[in-house]
Amino acid sequence: MIAGRYLRARRKEAFISVIASLTMVGVAIGVATLIVVMSVMNGFRAELLTKILGLNGHFTAFPIESKFTDYKDAVATLEDVQGVKFAVYYAEGQVLASGRGGSTGVSVRGMDAENLEKLDLLFNSAEQGGFDSWDENDGIAIGYRLAQTLGVGLGDQVQIINPDSGAMTPFGSTPQIKSYPVRTIFNLGMVEFDSLFMYMPLKTAQDYFKLYEDVLKPGQPPLDPMASDEEIDAAYERIYQATAAEIFIDNPDSIPLMRERIAAATDLRPFILTDWQQRNETFFSALQVERVVMFTILSMIVLVAAFNIISSLVMLVKDKSKDIAVLRTMGATRGAIMRIFSITGTTIGVVGTLSGLVLGLIVAANAEAIRSAISNTLGVALFPPEIFFLSALPSKTDPTEVTIVVVMALGLSFLATLYPAWRAAQYDPVEALRYE
């Protein structure tokens, strides 16, 4: 009761009450800021993982010792490994793509419809056109940012140039130049993928990059040097190759265990395995360091608010010195005096923490809407996707982190009350009344 009365200001104590209110606001802002920032950083990491591992597997298997002509059998073997969700094979190459509006370097991936359907992120991201009859058409699928860069739309031709797979001449190889119509424009929501990747049917990519070898059919006798083109075509068969295979596993964090299982299952077809942690080690390590640093720095806001609790309680103790003396003469113990001021300061921390918790959860849940509203109002692009890779501001609240923030704020608030409360309990009632 006494602690509650000390929190409610009378006219002559209004200044102390204002200080207490500002301290409460400081705690709330600190807690809310911590929750919002950590939620956005968690969302950023989770969204990047979803996008990166939605197209690129948890493992990439590159064939060694022989050409990857048995890619279908190899993928079937990989999918039988315990813990593997699915695997896909593809043909890949780097080209220069040109359209009506410009040109840029792109990464071309050839995939058949069966494997394309396994990649839900890509298959369900088609905004224009689609992947129906994918294997039968001769078109390509590109990201919407790549379409903007090239200045093309559905049905427009995109010319791709590969300097390595053209015809041989006495002066060297000529560039391979072909044009393909745009059949699909997709939006993955990640700038790097939407502006870099181009997909085409697997056989089309294998033919373009010359990922094949013409060999004599089994049992075929040697050809006559004067054989016709028709006889040569009939005597040879074309063996196609893939570039690599992507392996998707059930648990992205079980990399060491799955590496052993996959290596044991592919003894007859050796691969070089690279996992997603190796490919993105620097990037995600930097994100983790940034999370720790941001948490530490923003915790200082709560710490400053806790020091404000100390200052407001010290002022309150000074103002209530006569009250303390009277209470002591009426029989109040030092422990009772200490409890009064501890409750007063802790109440400021509890109310501030709970207010910050509610505010932080609301802002974190509506981070993208708030970002859009501010951007539209100010006419400034906040978190531009060209820099932050994602087209929207993600947010993912972690209950464990929220609990840590709340407990930390309450703990600091309580610790901040101990010194002023202890000082109040040390007041000598005789001296306080004499020199009032």
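The values are calculated or read from the model by the stated rules, or taken from the named source; none is laboratory data. Owing to the predicted nature of the structure, the values given are computational and were not obtained by experimental measurement. Reconstructed Cβ throughout: ideal geometry from the backbone, glycine too, with neighbour counts over all protein chains shown. In case anyone asks, the SASA skips ligands and DNA or RNA and just uses the protein heavy atoms, side chains included. Shrake-Rupley method; radii C 1.70, N 1.55, O 1.52, S 1.80 Å.
A few remarks follow.
- A simple spin-label model places pseudo-atoms 7 Å from Cα toward Cβ; at LYS67 and LYS396 they are separated by 4.2 nm.
- Modelled this way, with points 7 Å down the Cα-to-C-beta line, the labels at GLU237 and LEU216 are 1.5 nm from one another.
- Carbon-plus-sulfur accessible fraction, the range 170-220 (probe radius 1.4 Å, protein heavy atoms only): 55%.
- Restraint check, LYS67/LYS203; LYS72/LYS203; LYS67/LYS217; LYS51/LYS396; LYS118/LYS203; LYS51/LYS178, Cα-Cα greater than 22 Å: LYS51/LYS178
- Ranked packing of 130-138, 109-117, 23-31, most packed first, by mean Cβ within 10 Å: 23-31, 109-117, 130-138
- Relative to the longest principal axis of the Cα atoms of the chain, the long axis of helix 399-425 makes an angle of roughly 20 degrees.
- Packing here is the average count of other Cβ atoms within 10 Å per residue, and on that basis the peptides 366-375, 304-313, highest first, run 304-313, 366-375.
- Cα-based shape type of the range 174-269, given that a ≥ b ≥ c are square roots of the gyration tensor eigenvalues and the cut on a/c is 1.5: oblate
- Segment ASN187-GLN157, length gained on full extension (0.36 nm per residue, minus Cα span): 8.9 nm
- Sequentially through the range 286-295, phi angles give Karplus couplings (6.51, -1.76, 1.60; θ = phi - 60°) of 5, 4, 5, 4, 5, 4, 5, 5, 4, 4 Hz, Gly and Pro residues having no value and appearing as x.
- On a per residue basis, the chain carries 51 Å² of accessible surface, using protein heavy atoms and a 1.4 Å probe.
- Of the peptides 240-250, 82-92, 209-219, the ranking by mean beta-carbon count within 10 Å, highest at the top, reads 240-250, 82-92, 209-219.
- Under 5 Å from the amide H of SER254 lies no amide H of any residue 5 or more positions distant or on a separate chain, with H modelled from the backbone and absent for Pro and chain starts.
- Using R0 = 45 Å, the C-beta based FRET efficiency linking ALA263 and ILE177 works out to 0.65.
- Residue-by-residue Karplus 3J(HN,Hα) for the range 107-123, coefficients 6.51, -1.76, 1.60, Hz, glycine and proline x: 9, 9, 10, x, 9, 8, 4, 4, 6, 4, 5, 6, 8, 4, 4, 6, 5
- Compared with the dominant Cα axis of the chain, that is its longest principal axis, helix 334-365 is turned about 30°.
- Cα long-axis angle, helix 255-265 against the chain (0 to 90 degrees, to the nearest 10): 20 degrees
- Between the entries (1) 0.94; (2) 1.02; (3) 1.24, the label attached to Rg/Rh (Cα atoms, Kirkwood Rh) calculated for this structure is (3).
- Candidate lysines for bridging to LYS322, where Cα separation is under 28 Å - those fewer than 8 sequence places away on the same chain excluded: LYS12
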